[in-house]
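The structure appears below as structure tokens.
The values are calculated or read from the model by the stated rules, or taken from the named source; none is laboratory data. It should be emphasised that the depicted structure is a prediction, and the values quoted were computed from it without experimental measurement. Quick reminder, even Gly has a Cβ in these numbers, built from the backbone with ideal geometry, and neighbours come from all protein chains shown. For accessibility, only protein heavy atoms count, side chains too; no ligands or nucleic acids. Shrake-Rupley method; radii C 1.70, N 1.55, O 1.52, S 1.80 Å.
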Amino acid sequence: MTAFAQNLTFEKTSEGAWVKENGEKVFFYQAKTKSLDGAFSRADYIHPLYGLDGFELTEDFPKDHLHHRGIFWTWHQVIIGDKHIGDAWECRDFVWDVSEVTALSALGDALTLKTKTYWKSPLWLDEEENQKPFVEENTNITTYPKVDNYRIIDFEISLLAFAPDLKIGGSDDEKGYSGFSVRMKMPDDILFLAENGEVQPTINQLNAGPWMDVSGSLAAEGGKAGIVMICHPDNPVYPDPWIIRKKGSMQNPAFPGRQPVAVSDTTPLVLRYRLVIYKGDITPEQIKSIQRQFGSK
């Protein structure tokens, strides 16, 4: 275990790494490939993520969508030229080779988990029939100490292609879901709030502004808690459109949608998101203030 700043620590295991605050678990980063009886193999994601009272907020291998997993960032369409190289969203013909997991002190008392992952596939081989990487992913996950009744976790996902004419895209339908996603527990009283008030989920993408507050009976004793998802203004599309669901699915600021976009082999594609994990109530004014701080970084 390595101590950073005052309260946040980083602890490596054979499977990945824990981030803790004052000895209490915040989240686990899954670095080693994990599967369900050999199926739906995945790595490079967060689960479990805990609320401020220790309640487990995320799900892994949920029965309705066994390929969903905690906090994850993957794409249905991964294409080199005109060849589809697996489906990272569905954990099909796709490999996450996590080569580095380290931590360092960030600004103030924050802790940044730094990961390097090579994307591979059995459908993309070198001359010796070995899987060769086609994307280098560098992701920084920065955790801030708890303040009042909330904790902030920032994500910066950087993608650099190793193959020419590489593209990523969402589901090949009108929904177009993919990208940064939160597979959280969804109580019966789940509520969605955005900058203009309550939002009702729709089948396809909806435009609701730069943040989405998802709350309900998510505290250890059945009280109110939630997760706010915030998009950064420097993202390629801003604000990201939303795919939100009341049951049996994930919550997703969808990027790029159905139409694939290029991933450069010289300039990384960078995506940034902020999660605010809270217990009790958080006001729209508080969220807007946290959003402005995020946008200024």
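Residue check: GLU129 meets all listed conditions (1) in contact with a Lys or Arg (Cβ under 6 Å, 6 or more places away or on another chain); (2) more than 19 Å from THR74 (Cα to Cα) but one, namely (1).
Taking the stretch 15-110 and the strands (runs of 3 or more DSSP E) fully enclosed by it, the elements with 2 or more residues that are at pLDDT below 95 and surrounded by fewer than 18 Cβ atoms within 10 Å (Cβ to Cβ) are at 95-105. Search the stretch 1-14 for residues being part of a strand (DSSP E or B) and either closer than 13 Å to THR143 by Cα or open to solvent by less than 30 Å² (accessible area, probe 1.4 Å) (or both), and hand back the single one that is modelled with the lowest pLDDT. Result: PHE4.
I want to confirm something. Restricting to the stretch 134-143 and keeping residues that are closer than 19 Å to ASP265 by Cα and of a type in the set (Val, Ile, Thr), which single residue is surrounded by the fewest Cβ atoms within 10 Å (Cβ to Cβ)? Of everything passing the filter in the stretch 134-143, THR139 is surrounded by the fewest Cβ atoms within 10 Å (Cβ to Cβ). Taking the stretch 144-159 as the range and being surrounded by 17 or more Cβ atoms within 10 Å (Cβ to Cβ) and either in a strand (DSSP E or B) or on the phi > 0 side of the Ramachandran plot (or both) as the test, the residues that pass are TYR150, ARG151, ILE152, ILE153, ASP154, PHE155, GLU156, ILE157, LEU159. Here TYR118 clears all of (1) buried (at least 20 other Cβ atoms within 10 Å of the Cβ); (2) touching a strand residue (DSSP E or B) at 6+ places or on another chain (Cβ under 7 Å); (3) hydroxyl-bearing (Ser, Thr, Tyr) except the condition numbered (1). Looking across the stretch 236-273, the residues that are of a type outside the set (D, E, K, R), outside any strand (DSSP E or B) and farther than 15 Å from GLN205 by Cβ come down to PRO236, GLY248, PRO260, SER264, THR266, THR267, PRO268. Just to be sure before I move on: is GLN131 over 16 Å from the mean Cα position of the chain (by Cα), open to solvent by 60 Å² or more (accessible area, probe 1.4 Å) and of a type outside the set (Asp, Glu) in the structure I sent? Criteria met by GLN131.
Out of the residues in the stretch 274-297 that are more than 23 Å from LYS224 (Cα to Cα) and not in a loop (DSSP other than H, G, I, E, B), state the one that is modelled with the lowest pLDDT.
Of all residues in the stretch 274-297, those more than 23 Å from LYS224 (Cα to Cα) come to 292-297.
Now restrict to residues that are not in a loop (DSSP other than H, G, I, E, B): 292-295.
Working: ARG292: 96, GLN293: 95, PHE294: 96, GLY295: 88.
Ranking the qualifying residues of the stretch 274-297, first place goes to GLY295.
Among the residues of the stretch 270-285, the ones that are open to solvent by 40 Å² or more (accessible area, probe 1.4 Å), in contact (Cβ under 8 Å) with a residue 40 or more places away in the chain and either in contact with a His (Cβ under 8 Å, 6 or more places away or on another chain) or closer than 20 Å to LEU193 by Cα (or both) come to 4 in all. Just so you know, in the stretch 244-269 the residues that are exposed (fewer than 15 other Cβ atoms within 10 Å of the Cβ) and not charged (D, E, K, R) include one that is farthest from the chain's Cα centre (by Cα), and it is THR266.
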